[in-house]
Amino acid sequence: MPPFLSVRVFEAAARLGSFARAAEELGITAGAVSQHVRILEEFAGQPLFRRLGRGVELSDAGQAAFSHASAAMSEMLEAGRAMRASMRGRRISISTPPSFASKWLIPRLSEFQQRYPEVEVRISADMTLIDFAVTDIDLAIRYGPGGYEGLSCERLMSESVAVVVSPKLLEGRAPARTAADFLDLPLIHDDAPERDLSCPTWSMWFAARGLRRVESERGLRFNHSGLALEAAVAGKGAVLAKRQLALRDLAEGTLVSPLDEGDAPLAFAYWLVWPRGRRFEPAQAAFLTWLREEVIASDAGADQTA
């Protein structure tokens, strides 16, 4: 048999198309990745990779081996899950975008912890899409169009965009009820990488209302929606906010949505995803039930369809 550790390194390098990225994922050096690949190539008696300028690609022999190595790693992961089944019954590991974690999930977690004090909650807040084949994450929340290949996919709630601003920024001004009242306010821009193309920029928003604001794209810019909201709470400007992420601040009065017009629905939604066929232990099942209940309880307009 080929050395197991070398097979594991080979699988990561083949899946990621890069020795450097494989080294980062596995916590070893790129040189160690190369060494493990050489060991396997000596075992195979032929190259498994073609070295390119910016990465690597599989040779025919490597491609033939990769499907088996990938399946083997997946089976090893499931074996580990089975070994730890009793412990997993007391733990939930969830992957979520950072802004959703900070602005929606974490403020509500105390209720779950009070109801299930024996369950350990682990949150991985990451902008990258989780690969269930190489991680111990139970389920993920994704903001996007849905229909994720190879995964069970359940719509959690819809999203819309609203103009929000700190009441401190409006002090001493006439009430801001129409789009024209925002022509001279400082603006904040949400440049989060998971941006929905149906979500307008400030230029688009003003243009759709028959207005033109000079230099409408100037102002503070953030690559996390949560940071854009925090800047708005601090009175730095108005922001076109994702409504679900702004709910807590709106309820507490640190932000207001003063316009007479309603929210604009977005094409993206929040989705729960997990590998098809995965069996949930009691902790994961309890968390799913609580999460669905919390969506409905916190916002009846969230269009939760579970």
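The values are calculated or read from the model by the stated rules, or taken from the named source; none is laboratory data. These numbers come from a predicted model, not from an experiment. Glycine also receives a Cβ, built like all others from the backbone with ideal geometry; neighbour counts cover every protein chain displayed. What goes into the accessible areas is simple: the full protein's heavy atoms, side chains included, and nothing from ligands, DNA or RNA. Shrake-Rupley method; radii C 1.70, N 1.55, O 1.52, S 1.80 Å.
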Report task. Kindly list, by first and then second residue, each pair from a residue in region 227-246 that is in a helix (DSSP H, G or I) to a residue that is among the aromatic types (Phe, Trp, Tyr) and open to solvent by less than 10 Å² (accessible area, probe 1.4 Å), limited to pairs with Cβ atoms under 9 Å and residues at least 6 apart or on different chains. Result -> Gln244/Phe100; Gln244/Trp104; Gln244/Tyr270; Leu245/Phe100; Leu245/Trp104
**Report entry** Residue list for region 107-145, restricted to those being open to solvent by 70 Å² or more (accessible area, probe 1.4 Å), over 21 Å from Phe268 (Cβ atoms) and not basic (Lys, Arg)
**Finding:** Gln113, Gln114, Pro117, Glu118, Glu120
Report summary line: Of the residues in region 223-268, those that are open to solvent by 50 Å² or more (accessible area, probe 1.4 Å) and aromatic (Phe, Trp, Tyr) come to none
Query - Test result for Ser6, in contact with a His (Cβ under 6 Å, 6 or more places away or on another chain), of a type in the set (Ser, Thr, Tyr) and farther than 27 Å from Arg279 by Cα - result: yes
Query raised in the report: When the residues of region 25-43 are filtered to those that are in a helix (DSSP H, G or I) and either touching a residue at least 24 places away in the same chain (Cβ under 8 Å) or in contact with a His (Cβ under 9 Å, 6 or more places away or on another chain) (or both), which remaining residue is surrounded by the most Cβ atoms within 10 Å (Cβ to Cβ)?
Result: Val33
Query - Test for Ser95: is it more than 24 Å from the chain's Cα centre (by Cα), crowded, with 16+ Cβ neighbours inside 10 Å and small (Gly, Ala, Ser) - result: no
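So in region 210-222, with the set limited to residues that are open to solvent by 60 Å² or more (accessible area, probe 1.4 Å) and either closer than 18 Å to Val165 by Cα or modelled with pLDDT of 90 or more (or both), which one is nearest to the chain's Cα centre (by Cα)?
This residue is Arg221.
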Report task. Among the candidates Phe66, Phe49, single out the residue that is open to solvent by less than 20 Å² (accessible area, probe 1.4 Å) and touching a residue at least 24 places away in the same chain (Cβ under 8 Å). Result -> Phe49
Query raised in the report: From the residues in region 177-190 that are under 16 Å from Lys236 (Cα atoms) and not in a helix (DSSP H, G or I), which one is most open to solvent (accessible area, probe 1.4 Å)?
Result: Asp184
Query raised in the report: Is it the case that region 12-24 has a residue that's over 26 Å from the mean Cα position of the chain (by Cα) and in a helix (DSSP H, G or I)?
Result: no
Query raised in the report: Does Ser124 qualify as being hydroxyl-bearing (Ser, Thr, Tyr) and free of Cβ contacts under 8 Å to residues at least 40 places away in the same chain?
Result: yes
Report task. Please verify whether region 191-208 includes one or more residues that are over 30 Å from Glu78 (Cα atoms), aromatic (Phe, Trp, Tyr) and open to solvent by 30 Å² or more (accessible area, probe 1.4 Å). Result -> no
